Amino acid sequence: AIVGTMVAYFAAVVINFGDFTRFVKTERQMKLGNLLGLPLNVAFFSFIALIITAGTLVLFGDALTNPADIVERVDSLPLTIVAALTFFAATVGINLVANFIPPAYDLANLFPSRISFKIGGLITAIIAFFVGALWVSVISQIGVPGFVNALGAIIAPFYGIIVVDYYLVKHQRLDIQQMFSSAPGSAYYYVKGWNQKALMAFGLAALFSISSVWVPALAALNGYAWLIGAGLGGLFYYFMMRNQAVAAAPTRS
């Protein structure tokens with residue numbers, strides 16, 4: 001369950017992968033950065049989270065997953081100061097990577113003639129201010145693990161759909177020119193520009209995965225919400241699209 005929660009935590013970074021790979025100069029740099037930045041990080045921090053949670057169970061009799069609760073139980077001023085600085089650095093770091101740079105680029109790409117990366121960043125910061133204002137009164141009541149798992153459960157089907165579409169439906173062949181065409185009849189036009197089967201697969205998978213977080217009867221599956229969502233999203237999409245693979249030019253990407 002801890003590993004599943006950590007995977008959900010890093011899921012946003014996986015979805016935002018293209019916002020950072022655009023700056024690499026070679027494919028080797030992309031693969032190396034991905035290996036060091038995601039799988040090794042997930043394994044390392046999952047191990048730390050597992051050991052610390054197990055340690056709190058031994059020391060305090062409770063399995064504490066909130067770092068602030070652990071620091072409070074220790075009741076040490078030096079540790080509190082170090083923890084506060086660590087929390088600050090960790091919060092700034094993960095928010096820049098997962099919650100600031102990607103939406104700034106998304107807004108800039110949505111209206112390139114009106115919004116630059118700088119303006120997109122300002123808009124993101126303003127929205128984040130209001131989200132932060134709701135943190136104590138609303139979001140924190142859900143709990144960090146619950147919030148992370150719920151967010152991961154919602155976006156997880158995207159990952160499954162993207163992977164299955166690229167490897168099993170398109171067979172790693174994409175027509176780059178057609179991807180940027182909105183003309184009716186183009187390879188990726190689908191139905192008025194929307195892949196309805198992908199949307200259906202996303203909706204069904206997200207419904208199942210979010211239920212594992214919000215439905216008490218499925219509480220045992222809570223930590224696996226991201227894995228469930230990604231797996232079901234890919235599975236549903238494959239069965240809906242297996243006989244309707246889009247014809248694409250023999251260009252490997």
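The values are calculated or read from the model by the stated rules, or taken from the named source; none is laboratory data. On a predicted model such as this, the values are computed, not experimentally measured, just so you know. Note that we place each Cβ from the backbone using ideal geometry, even for glycine, and neighbour counts take in every protein chain shown. Ligands, DNA and RNA are stripped out before the accessible areas are found, and what is left, the full protein with its side chains, is counted by its heavy atoms. Shrake-Rupley method; radii C 1.70, N 1.55, O 1.52, S 1.80 Å.
Determine whether PRO78 is open to solvent by 60 Å² or more (accessible area, probe 1.4 Å), without any contact (Cβ under 8 Å) to a residue 40 or more places away in the chain and within 22 Å of MET6 (Cα to Cα).
It is false that PRO78 is open to solvent by 60 Å² or more (accessible area, probe 1.4 Å), without any contact (Cβ under 8 Å) to a residue 40 or more places away in the chain and within 22 Å of MET6 (Cα to Cα).
Would you say ILE52 is at pLDDT 85 or above and within 30 Å of PHE180 (Cβ to Cβ)?
no
Among the residues of region 191-204, how many are within 23 Å of the chain's Cα centre (by Cα) and open to solvent by 30 Å² or more (accessible area, probe 1.4 Å)? Before you say what the answer is, go through the steps one by one.
At the first step, the residues of region 191-204 found to be within 23 Å of the chain's Cα centre (by Cα) are 194-204.
Among the residues that remain, those that are also open to solvent by 30 Å² or more (accessible area, probe 1.4 Å) are: 194, 196-197, 199-200, 202-204.
Count: 8.
So, restricting to helices (runs of 4 or more DSSP H) that lie completely within region 51-141, which ones have at least 1 residues that are within 28 Å of GLY37 (Cβ to Cβ), in contact with a Leu (Cβ under 6 Å, 6 or more places away or on another chain) and not acidic (Asp, Glu)?
Because the criterion is at least 1 residues that are within 28 Å of GLY37 (Cβ to Cβ), in contact with a Leu (Cβ under 6 Å, 6 or more places away or on another chain) and not acidic (Asp, Glu), the helices (runs of 4 or more DSSP H) in region 51-141 that meet it are 67-74, 117-133.
Does region 139-157 contain any residue that is on the phi < 0 side of the Ramachandran plot and modelled with pLDDT of 90 or more?
yes
Pull up region 159-190, narrow it to residues that are closer than 24 Å to VAL14 by Cα, open to solvent by 80 Å² or more (accessible area, probe 1.4 Å) and at pLDDT below 90, then point me to the one that is nearest to the chain's Cα centre (by Cα). If you could, list the steps in order and put the result at the bottom.
Start the filter on region 159-190 by keeping residues that are closer than 24 Å to VAL14 by Cα, which leaves 159-176, 179-180, 188.
Imposing the further condition that a residue be open to solvent by 80 Å² or more (accessible area, probe 1.4 Å) reduces the set to 159, 162, 167-168, 171, 173, 179-180.
After this cut, where a residue has to be at pLDDT below 90 as well, the list is 159, 171, 173, 179-180.
Details: TYR159: 8, HIS171: 24, ARG173: 25, MET179: 23, PHE180: 25 Å.
Restricting to residues being closer than 24 Å to VAL14 by Cα, open to solvent by 80 Å² or more (accessible area, probe 1.4 Å) and at pLDDT below 90, the top hit is TYR159.
Among the residues of region 95-114, is there at least one that is among the basic types (Lys, Arg), more than 23 Å from the chain's Cα centre (by Cα) and surrounded by fewer than 11 Cβ atoms within 10 Å (Cβ to Cβ)?
Yes: one or more hits.
Confirm whether ILE48 is touching a residue at least 40 places away in the same chain (Cβ under 8 Å), within 17 Å of PHE10 (Cβ to Cβ) and of a type outside the set (D, E, K, R).
no
Could you say which residue among GLY37, GLY18, GLY55 is open to solvent by less than 70 Å² (accessible area, probe 1.4 Å), more than 21 Å from ILE155 (Cβ to Cβ) and out of contact with any Ser or Thr (no Cβ under 9 Å at 6 or more places or on another chain)?
Answer to the selection: GLY55.
What number of residues in region 167-206 are more than 17 Å from PHE239 (Cα to Cα) and not in a loop (DSSP other than H, G, I, E, B)?
Residues flagged as more than 17 Å from PHE239 (Cα to Cα) and not in a loop (DSSP other than H, G, I, E, B) within region 167-206 amount to 7.
Since VAL92 meets every condition but one in (1) among the β-branched types (Val, Ile, Thr); (2) in contact with a Ser or Thr (Cβ under 7 Å, 6 or more places away or on another chain); (3) closer than 30 Å to THR21 by Cα, which condition does it not meet?
Of the numbered conditions (1) among the β-branched types (Val, Ile, Thr); (2) in contact with a Ser or Thr (Cβ under 7 Å, 6 or more places away or on another chain); (3) closer than 30 Å to THR21 by Cα, the odd one out for VAL92 is (2).
If you check ASP62 against the conditions, is it more than 25 Å from PHE117 (Cα to Cα), touching a Lys or Arg at 6+ places or on another chain (Cβ under 9 Å) and open to solvent by 50 Å² or more (accessible area, probe 1.4 Å)?
So ASP62 passes the test.
Pick out the one residue from LEU218, LEU207, LEU227 that is at pLDDT 90 or above, open to solvent by 40 Å² or more (accessible area, probe 1.4 Å) and more than 17 Å from ASP165 (Cα to Cα).
Step by step, each of LEU218, LEU207, LEU227 is checked, and only LEU207 is at pLDDT 90 or above, open to solvent by 40 Å² or more (accessible area, probe 1.4 Å) and more than 17 Å from ASP165 (Cα to Cα).
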